[in-house]
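The values are calculated or read from the model by the stated rules, or taken from the named source; none is laboratory data. Just so we're clear, the structure is a prediction, and the values are computed from it rather than from any experiment. Every residue, glycine among them, receives a Cβ derived from its backbone with ideal geometry; neighbour counts consider all protein chains shown. Protein only, heavy atoms only, side chains kept; ligands, DNA and RNA dropped before computing areas. Shrake-Rupley method; radii C 1.70, N 1.55, O 1.52, S 1.80 Å.
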Amino acid sequence: MTSVLGNVSLKFSDEQSMLMDVARGFLNDKAPTDKIREFLESDQGYEPQVWSEIVDLGWTGIALPEMVGGAGLGISAVIPVAEAMGHALLGTPLIDTTLAGQLLLRAGGAEQEPLLQDIAGGRIATVAFLDGGDWGGANLGLEMTKEGVLSGSKTFVGCGHEASLILVVGQCDNAPAIAVVDAADLKADAISVNTLIDLTKRTAQIDFTGVSAKAVLTGERVVAAIRDYRLLGALLTAAEAAGSAARCLEVIVDYLKTRKQFGKLIGSYQALKHPTVDIYCGVEDARSFCYHAASLLDADSLSHDAEIACRMAKVSAGQTMSYAGDRAVQFHGGIGFTWDCDSTLFIRRGQWTHQVFGDAIHHRKRLASLLLD
């Protein structure tokens, strides 16, 4: 098939189907909405026991090779799990840890086997990437010497307050580099937790000045790994957003089928039916984009087609989630703006997922050159 998009294949493997069924069943049982709300204002934002069980299920090692204790299923197998996590609105270190594992694996390879084994075993890891909150920049402002001494800070570090392993993206001798930092080596006041609109998520600003890294990774593999990290992060965020939008749609439909106004169910009014159908179409589009991208992923550096697919998935899912959250609030009327209504969770999730790893404008700008040049 000839298409401006290039490769338009879409595959859904038996492993992905199995993981989706397991993940949905587990999260329906362990993370109902009342449990999510219970931990919104806690330090972690989720129930610690749930994280322990996620580790026991082996989800932290899904994408890592068997030689380091992983399942060897590849990053594409994480997509259905991320979607299920989004459907439950559960925020845990899983996505941050998975991305850290991919960055370390792609940048360091077999030499980083001990750390990869730790990640597969459930060690919480994260990537410190953003310098000033702009995904469009190089974000290489942090400096590091060849001896591994860091100078600078990073912001919006996912799960930065609880990660014990931090991969810090910066530059060494004016070239991209990754410093492997043990959180125990940070200064006592180095971490400042951010206040986010999405209360299921946690990020932190971290000052790395004066910290000595355990290792500094440089070279062409690092450049490619950083690029892949940004694209894979966009894809996993898109999968999570697609799951959240699907859950939001369920809540909207349930409300439209029960709430009456002027003696009629409000779901009978076209002004509400049509946007609801738009959300449904958006969810299906977003899921298709995500699994199309997953079909193009492998252990090698992401291809031209894979980059296009990741960016399109992020645009589609981010906008769908933002729209779904906004409509959920509007459809619920006055109560939709209150803390007691679950619509507030969706609109907050929509605002966060639309921005993280680049918003629609960010990715469309790059898609234009990828598709049209």
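Residues in the stretch 113-129 include none that are touching a residue at least 60 places away in the same chain (Cβ under 8 Å), acidic (Asp, Glu) and under 20 Å from residue 161 (Cα atoms). Among the residues of the stretch 217-240, those identified as at negative phi, surrounded by fewer than 22 Cβ atoms within 10 Å (Cβ to Cβ) and more than 20 Å from the chain's Cα centre (by Cα) are 218, 220, 221, 222, 223. With respect to the stated conditions, residue 247 fails to be open to solvent by 50 Å² or more (accessible area, probe 1.4 Å), over 22 Å from residue 7 (Cβ atoms) and in contact (Cβ under 8 Å) with a residue 60 or more places away in the chain. Among the residues of the stretch 173-187, those identified as assigned to a strand (DSSP E or B) and surrounded by fewer than 23 Cβ atoms within 10 Å (Cβ to Cβ) are 175, 176, 180, 182. So, in the stretch 188-213, of the ones that are β-branched (Val, Ile, Thr) and in a strand (DSSP E or B), which residue ends up most open to solvent (accessible area, probe 1.4 Å)? Taking the candidates together, the pick is 193.
Has the stretch 298-309 got any residue that is polar (S, T, N, Q) and closer than 17 Å to residue 235 by Cβ? Scanning the stretch 298-309, I find at least one residue that is polar (S, T, N, Q) and closer than 17 Å to residue 235 by Cβ, so the answer is yes. Could you say which residue among 262, 208 is at pLDDT below 95 and more than 30 Å from residue 287 (Cα to Cα)? That would be 262, the only listed residue that is at pLDDT below 95 and more than 30 Å from residue 287 (Cα to Cα). Taken over the stretch 40-52, the residue count meeting the criterion of being at negative phi and under 20 Å from the mean Cα position of the chain (by Cα) is 9.
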